[in-house]
Amino acid sequence: MNRLIVAVASFFVVTFPYPGTSQVTQPEMTFHALDRLEARNSEDGRVSRRIAGATVGLNRVEWPAGTSTIAHNHANELVVLLVEGRLKAFSGAREFTLEPGDLVVVPAYVEHRYEALEDSVTVEAFGPG
């Protein structure tokens, strides 16, 4: 019994070395201005600004008219909201024409691609960050 008490007491002394404190880090809110995030230029002409948290990320993409992506997939779920312009989204035999305010949800590992019918802007949420 004494060994158990010593083991438990040792655990608490090592885990919580100072009364009233914990080694768990408390997360804090951060602030970012979208127009100050680094702009990334893709070879196909898209410009994106991306921020990622621990479990979710956000990407704003500018699509020049005629821009298209190759079919691809990724290990994270993706929600794409069309803010401006018109965009076609393709996945398997499905095809959607998006107008501002429309969105698509792409599960992880589902193949998809896009084509900008005119100059467009999307905001994409993805996880994990």
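The values are calculated or read from the model by the stated rules, or taken from the named source; none is laboratory data. Just so it is clear, the structure is predicted and the values come from calculations on it, not from any experiment. Neighbour counts run over all protein chains shown; Cβ positions are idealised from the backbone, glycine included.
Within the stretch 90-101, residues that are closer than 11 Å to His112 by Cβ reach partners that are of a type in the set (D, E, K, R) and in a strand (DSSP E or B) with beta carbons closer than 8 Å, at six or more positions or on different chains, in the pairs Phe90/Arg113; Phe90/Glu115; Ser91/Arg113; Glu95/Lys88; Phe96/Lys88. A count restricted to the stretch 115-129 and to residues that are more than 17 Å from Asn76 (Cα to Cα) and either over 15 Å from the mean Cα position of the chain (by Cα) or assigned to a loop (DSSP other than H, G, I, E, B) (or both) stands at 7.
Going through Ala93, Ala125 one at a time, which residue ends up being under 23 Å from Thr30 (Cα atoms) and out of contact with any Lys or Arg (no Cβ under 7 Å at 6 or more places or on another chain)? Full working, then the answer.
Details: Ala93 fails: under 23 Å from Thr30 (Cα atoms).
So the residue among Ala93, Ala125 that is under 23 Å from Thr30 (Cα atoms) and out of contact with any Lys or Arg (no Cβ under 7 Å at 6 or more places or on another chain) is Ala125.
Annotation note: Cβ proximity below 7 Å between a residue of the stretch 21-45 that is at pLDDT below 90 and a residue that is part of a loop (DSSP other than H, G, I, E, B) and hydrophobic (A, V, I, L, M, F, W, C) (sequence gap 6+ or interchain) occurs for Ser22/Phe16.
For the stretch 72-111: of the residues being closer than 17 Å to Arg46 by Cα and within 19 Å of the chain's Cα centre (by Cα), which is surrounded by the most Cβ atoms within 10 Å (Cβ to Cβ)? Walk me through it before giving the result.
Kept after step one, since they are closer than 17 Å to Arg46 by Cα, are these residues of the stretch 72-111: 72, 80-89.
Filter once more, so that each one left must be within 19 Å of the chain's Cα centre (by Cα): 72, 80-83, 89.
On the way: His72: 9, Val80: 21, Leu81: 16, Leu82: 24, Val83: 14, Ala89: 20.
Step by step, filter the stretch 72-111, then rank; the result is Leu82.
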